[in-house]
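Take a look at the structure below.
The values are calculated or read from the model by the stated rules, or taken from the named source; none is laboratory data. All values reported here derive from a predicted model rather than from experimental measurement. A quick note on method: Cβ atoms are made from the backbone with ideal geometry, for glycine too, and the neighbour counts reach across all protein chains shown.
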Amino acid sequence: MNNDNTKEFSFGTQVRKSPYFDATVRWGAQGFSVYNHMYIPRDFGDPVKNFWNLVNDAILCDVAVERQVEITGPDAAQFVQLLTPRNLLECAVGQCKYVLITDENGGVLNDPVLLRLAENHFWLSLADSDILMWAKGVAVNSGLDVSLCEPDVSPLQLQGPKSGDIAKTVFGERIDGLKYYWMEEFELDGIPLIISRTGWSSELGYEIYLRDSSRGNELWNHIMKIGGPMGLVPGHTSTIRRIEGGMLSYQADMDYTINPFELGLGRLVDLEMDANFIGKEALKKIKSEGVRRSQVGIEISCPPLSHPNTSYWPIIIGSEEVGYITSAVYSPRLDKNIALAIMDVNHSAIDTVAETTTPEGNYSIRVVQKPFYDPKKKITSGS
């Protein structure tokens, strides 16, 4: 554990600190980004070491920036279905679903995890965009009896191959029965929690939703005290592992100008269900006419990238720009520079060769299959 001298980070009160902020600084957080108007730790030293900690052992991440939109009321289920093209008819109480929130043009506004806590009680665990404001606007004109708010809920992620044993030691044997994409209520020394078998790592893991922000430091320290001797270290979400797993990051790999079919996420769109949802007619038209762009995996033939890209890199074939790289990183496990990109559908076939322009120069690229590692998601599902 690092020294107790807490550094002062501040952009003012408009950027909020999480309940774990002070604990992460004490445990070695050296840099932060801003996500959903909150600080998120992005640097605990070496990102490559953080990657190996994640894939070999376990890390504890402050992801309180995954703010919740809480939806309650007699019409809550109908309202949630209005927001997403994924069919939720069979979503049971206690179940979680990866969903898309679409606008009137079929564009993706967010890709949260939906948690159903009760028959008419839902959380949307958000990526980086102001969906509470969108949902409130929809609710005002929906004619549905619902209430929306941001509850006092702050998630941690416990991720990595040792996370199962650590979770069982911290929370008890009952957590062993928690199935992939399901959640249950827990209590730890009087701290109220929801724990789900989900995560943003492509590894085995859990998300621990704290329901009392006054006890954030206590929860963090309790988990680290027990988990530390078992291999747990503080960390941050790994860009390397995310791209290896083909996981999309909102604002980087998608935004409201991109639709689910372009992302290869048509499985999350049910155009045949009776229920209406925002963007349904637009998505019917897009599916009928076909997409013009496609999200693809890329290998870049260049020296190992020293850090992820901080701008989009154009993709060129001949003299024509046919797409752009959205996320790129060097994978030490694969010993390759790997990337996610949006490309013209006519140039997106596997083994297509093109060129990209990076700050270091122009390099050859090739379209490849994704995910780059564990394509069947056997690790994260525990199968």
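How about the range 300-309: which of its residues are surrounded by fewer than 16 Cβ atoms within 10 Å (Cβ to Cβ) and either among the β-branched types (V, I, T) or more than 18 Å from V367 (Cβ to Cβ) (or both)?
Across the range 300-309, the qualifying residues are P303, P304, S306, H307.
Go through (1) modelled with pLDDT under 95; (2) part of a loop (DSSP other than H, G, I, E, B) for S311 and report which single condition fails.
Status for S311: all satisfied but (1).
Which of the residues that make up the range 322-338 are not in a strand (DSSP E or B) and not aliphatic (A, V, I, L, M)?
P332, R333, D335
Checking the condition surrounded by 13 or more Cβ atoms within 10 Å (Cβ to Cβ), of a type in the set (F, W, Y), touching a residue at least 60 places away in the same chain (Cβ under 8 Å) and not assigned by TED's automatic domain parsing to the domain that holds L178, which residue from Y330, Y312, Y324 passes?
None of the others qualify; the one that does is Y330.
Taking the range 136-159, which residues are without any contact (Cβ under 8 Å) to a residue 60 or more places away in the chain and assigned to a loop (DSSP other than H, G, I, E, B)?
Answer for the range 136-159, where residues must be without any contact (Cβ under 8 Å) to a residue 60 or more places away in the chain and assigned to a loop (DSSP other than H, G, I, E, B): N141, G143.
Applying the selection to the range 13-62, what residues are in contact with a His (Cβ under 9 Å, 6 or more places away or on another chain), of a type in the set (A, V, I, L, M, F, W, C) and buried (at least 24 other Cβ atoms within 10 Å of the Cβ)?
Across the range 13-62, the qualifying residues are A29, I59, C61.
What's the total number of residues in the range 171-186 that are in contact with a Leu (Cβ under 7 Å, 6 or more places away or on another chain) and under 18 Å from G227 (Cα atoms)?
The qualifying residues number 2.
Identify all residues within the range 69-115 that are assigned to a loop (DSSP other than H, G, I, E, B), under 20 Å from the mean Cα position of the chain (by Cα) and of a type in the set (D, E, K, R); write none if there are none.
If the condition is that a residue be assigned to a loop (DSSP other than H, G, I, E, B), under 20 Å from the mean Cα position of the chain (by Cα) and of a type in the set (D, E, K, R), then R86, D103, D111 are the ones that fit.
Please note which strands (runs of 3 or more DSSP E) are completely contained in the range 172-261 and include at least 1 residues that are among the charged types (D, E, K, R) and surrounded by fewer than 19 Cβ atoms within 10 Å (Cβ to Cβ).
Correct list: 183-188.
Write out, first by first residue and then by second, each pair whose Cβ atoms fall under 8 Å of each other, whose residues are 6+ apart or on separate chains, and whose first residue, in the range 64-89, is modelled with pLDDT of 95 or more while the second is β-branched (V, I, T) and part of a helix (DSSP H, G or I).
V69/I131; I71/V80; F79/V138; L82/V138; L83/V138; L88/V80
Before we move on, is L60 touching a residue at least 40 places away in the same chain (Cβ under 8 Å), in a helix (DSSP H, G or I) and touching a Gly at 6+ places or on another chain (Cβ under 8 Å)?
Considered against the rule, which asks whether it is touching a residue at least 40 places away in the same chain (Cβ under 8 Å), in a helix (DSSP H, G or I) and touching a Gly at 6+ places or on another chain (Cβ under 8 Å), L60 comes out as no.
For the range 22-31, indicate whether the set of residues that are modelled with pLDDT under 95 and in a strand (DSSP E or B) is non-empty.
For the range 22-31, residues modelled with pLDDT under 95 and in a strand (DSSP E or B): present.
Applying the selection to the range 238-288, what residues are polar (S, T, N, Q) and over 20 Å from A349 (Cα atoms)?
Passing the criteria: S238, T239, S249, Q251, T257, N276, S288.
What residue, of P47, P19, P41, is modelled with pLDDT of 95 or more and touching a Cys at 6+ places or on another chain (Cβ under 8 Å)?
Going through P47, P19, P41 in turn, just one is modelled with pLDDT of 95 or more and touching a Cys at 6+ places or on another chain (Cβ under 8 Å): P41.
Please enumerate the residues belonging to the range 364-378 that are touching a Pro at 6+ places or on another chain (Cβ under 9 Å) and at pLDDT 95 or above.
Answer for the range 364-378, where residues must be touching a Pro at 6+ places or on another chain (Cβ under 9 Å) and at pLDDT 95 or above: just Q369.
Would you mind telling me which numbered condition in (1) more than 21 Å from W123 (Cβ to Cβ); (2) at pLDDT 95 or above S10 fails?
Among (1) more than 21 Å from W123 (Cβ to Cβ); (2) at pLDDT 95 or above, S10 violates only (2).
Which one of D165, D130 is out of contact with any Lys or Arg (no Cβ under 9 Å at 6 or more places or on another chain) and closer than 19 Å to T380 by Cα?
Only one candidate qualifies: D165.
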